[in-house]
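To keep things clear, I will list the structure first and then write my remarks on it.
The values are calculated or read from the model by the stated rules, or taken from the named source; none is laboratory data. Worth saying up front: this structure is predicted, and the values here are computed from it rather than measured. In this analysis, Cβ positions are derived from the backbone assuming ideal geometry, glycine residues included, and neighbour counts consider all displayed protein chains.
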Amino acid sequence: MSGIQPMPTMEIFERDSVLLTLELRLLSIIILLYGLSCATHILQIIVSMFRRHFVVGNIATYILYAAAAAHTALIVIRGIAEGKPPFQSKYECLSWFAWTNVLTYIYVQKKWPRVHFPGIFVSMLSIAALFIATNKYDPVVTPVSPALQSDWYEWHVIIAFLSYAVFVVSCSMELSYLFIRLFNLIENSVIIGINKGFNTQIRKRDYLDYGIPAEALNSFRQMSFKLVLAGFPLLTFGIVSGAAWADNAWGRYWSWDPFEILSLITWTAFAMYLHAMSLPSWRRVGGSVFNVLGFFCMLLTFMGSGWLTRLFGLYSMHAY
Amino acid sequence: MNKSNSLYRIFSSTKTAVILFIILLVFYLIGSVLPYKGNCNNITATGTLLKIIKNLDLLNVYSGPWFLILSAVFFANLIVCTYHRLVHILKESQPVRLSTAFFSNQSNIVKMTLNGNFTEISEKTESFFRRRFYRRKPSVVVGDNIHGNVFVNGLFNPSWTSVFYHFSIVLTLIGCTITFLFAFEGEVTIFPDKPSEVALISKDTNWNKCVNSVRSWFGKTEPAQKEWIVPDDKKLVLSLKEFGIKYTPRPKLKDYPRSGFIPRMNQIWNIQKPSTSDTDEEKIFSSWLFKLIGNIAKTLLDTKGTHTLSVFSTEDTFFPIGYTSRLALKEHDSSEREIDIEVNSPLRQRGITLYQSAYDYKFDLFINDAKVDIKEDGKFTVSGIDGTFEKGEIIKGIFYDRNGNTSEIKPFVKLYYTPSVSDKKLPSKKEDLVHFEDGQVKEAKGVKIAVKNITAGTVLSYRHDPGLRLLWIAAPMFFFGMLYRAWGRWYTVYYLIEKACQNVNLYLRIQKKGIWADENRIIKNLSKRLAL
């Protein structure tokens, strides 16, 4: 009975070359699509200032769907090329981060199809992540180092990134809520001024011009809270599974490593947010502040820990 | 108001928890920028900042008194909050007084006007909730010709989950405290034929240090120079039988720019730089964006050609993908047994866990047939030669090729040479010398260099952590408790059925908790049940 012959090494490298070329080209098209989606979302906001019209926003959403589909194909290709889930290197992690953000946003956006502010933030963040990945990191599929060969590692990364995606969308919605209220206030002040000064009867703007009925505005903000409520246990699991992996791999579940401390800072910031939202006097301003603070802490944990360790000359086993 | 009451109110308050979180954040930020357990000489701060760092001992922020005091206060706040909420749940709640006035004073009331018999509608409504395993809460109906109830879903009050996971945080902090007081760790390097011992006890735990401090405070000090002797039954003796490393080639990308979005895009899409002989028309349409769009279109239409990036690897790239230590373990009064330790596969034995941490090599170096000692930093000099030699990577193990073939690597040592430069402004470049295999003699820099007896040793770290068991119990409690509370569906339903002239009015108020809770579903299903 003849066995399967292994591929000669040269053919393996040729296959890797073709897959990597295809993947990098697809990645540049995805960046283009995210950019188009972001620009179209911004165009929708500009159009909303003059007319209650959402066709441009719908186009932006469809472009985002196309980008997400292409990105899913990219993740699958990378996974096939690597033979395991594609989040082993920083390049792959950035791509995975952008992908999970967009998928989570698409899931949440179905409930608020006419609100396009969050789409701007999510697509901008995804563009930034992919741009950094393409600009700075080596895209070649590399073997996995011994410390990363752990089931705990895979669960840690999947769940942690899912929590990051949820927090990104939550912060986008929180900022959108603040922007909509601010825009509405500014626009109506201007309209009142124009009506008084020029004796005109221009209609005042209401929240429906931005895609949300006034009675649903609090519900929209409540969605932001629900997302953090959903993401917080996931972040907790991410930290706990990371500790379990560290205990198995390095012999210590907690080393006060800068990356670990930053993840604890993120957890504490969101814990503050959840507690503040249970206090009526802190809910309005404190809630928004802690949500945005938690988001920036999350970004610093994911992107900034390497920068922080280099800036202060610190050692971190997570710097890669 | 007496002080103990106000102290209790402060410690049972959620606001206190938020303020403590803010202070904890500040400590975490300090620890993320200052090297924990670092040396003052190694940080770049000067003047007042350095004085502050030294006086407040900010380089040991997580083992310093300030953080420990803050942790104790946070622990007290957590305990009191958890107790306060537990008391609140256990206290028998007063029955809710249901009346039309109750519903007119509340927000989010749903009113349904129903045609039908009052008694039948009352029974249907009550059975709707009972069939879904809702539990009745104590309530009193006030008024005539009205019927009402309060129902909650779930086997227990959702506040219990909150108490549950807050209690698990208490357990986590207790576990961390046990770790802080009683854990110890160390590292041992083992070469073949040189067994090493690992002690199962240590005198250097924080608990022992605290006890000694207290004893010295009371004037009872340990005799000086008392030797710490570990009994034989509290030791493990480890001998290294074999240490193996698996290597694989590390692929690289040919001609790929080190960084830069545009240079990399050029390489991916094969965009050539314009040459000086291009015509004006070619130069106008040679802008980068036009070329990029053109090449994208050509590739998608499959008329571009067969340009691909090139992945390759060279013979000298060795990427370690696994280390395994095969050891003989001997305990007091028991026979020797063989064990394997790998990364992510530690050995747990009698309260000690042994981890594959790293590896080490030793070899004999001969320059012109004379043995040379290499310093701890790996550097050495040779008389008559200007500059410094340096020990580099040592490779010994099994090589796994991409196509599945394996081969034993002939062990070799990499040596580097750095010439000394007269101009200190110019950096001296490290030169890669020829690789030296075990037993080989080669010439380099005018001298005969030989490397012999390359021997691999394993570096194992070990740790005793009695707090870990409690953490393994607390962590799933915390995660599942929080998940259940956040992701569950919790409803409290207040309803009142009032007999009107020809109709029956149903007033409904639903309080919900949990991200998947949706009161509209209950209203829709109840409407169907009552055939609206």
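Worth a mention:
- Options B:E123, B:E187; residue that is acidic (D, E) and in a helix (DSSP H, G or I): B:E123
- Neighbours by Cβ (under 9 Å, 6+ apart or cross-chain): first from segment B:312-340, within 30 Å of A:S145 (Cβ to Cβ); second of a type in the set (A, V, I, L, M, F, W, C) and not in a strand (DSSP E or B): B:F312/A:F13; B:S313/A:F13; B:F318/B:I409; B:I321/A:V144; B:G322/B:V343; B:Y323/B:V343; B:T324/B:V343
- Taking (1) modelled with pLDDT under 90; (2) under 30 Å from B:A474 (Cβ atoms); (3) surrounded by 16 or more Cβ atoms within 10 Å (Cβ to Cβ); (4) away from every other protein chain (no Cβ under 14 Å) in turn, B:R85 satisfies each apart from (4).
- Candidates are the residues of segment B:498-532 that are of a type in the set (V, I, T) and under 54 Å from the mean Cα position of the chain (by Cα); the one that is farthest from A:G231 (Cα to Cα) is B:I523.
- In segment A:205-216, the residues that are part of a helix (DSSP H, G or I) reach residues that are crowded, with 18+ Cβ neighbours inside 10 Å with C-beta atoms within less than 7 angstrom, at least six apart or across chains, in these pairs: A:Y207/A:I180; A:Y207/A:N184; A:D209/A:S48; A:Y210/A:S48; A:Y210/A:V115; A:Y210/A:I180; A:A214/A:Y207.
- Taken over segment A:220-229, residues that are at the interface with chain B (Cβ under 9 Å from one of its Cβ atoms) and crowded, with 22+ Cβ neighbours inside 10 Å amount to 2.
- Residue identified as within 24 Å of B:T16 (Cα to Cα) and facing chain B (nearest Cβ under 9 Å) among A:M277, A:M272: A:M272
- If only residues of segment B:22-38 that are assigned to a helix (DSSP H, G or I) and hydroxyl-bearing (S, T, Y) are counted, the one that is nearest to B:L50 (Cα to Cα) is B:S32.
- Among the residues of segment B:399-413, those that are exposed (fewer than 15 other Cβ atoms within 10 Å of the Cβ) and more than 17 Å from B:K452 (Cα to Cα) comprise B:N403, B:G404, B:N405, B:T406, B:S407, B:E408.
- Scanning segment B:470-507 for residues that are away from every other protein chain (no Cβ under 12 Å) and of a type in the set (D, E, K, R) yields B:R489, B:E498, B:K499.
- For A:V102, the test of being over 18 Å from the mean Cα position of the chain (by Cα), surrounded by 15 or more Cβ atoms within 10 Å (Cβ to Cβ), closer than 30 Å to A:F179 by Cα and of a type outside the set (D, E) is failed.
- Flag if B:T100 is within 14 Å of chain A (Cβ to nearest Cβ), of a type outside the set (F, W, Y) and touching a residue at least 40 places away in the same chain (Cβ under 8 Å): no
- Of all the listed residues (B:I43, B:I23, B:I30), the sole one being under 28 Å from B:C210 (Cβ atoms) and either at pLDDT below 90 or within 8 Å of chain A (Cβ to nearest Cβ) (or both) is B:I30.
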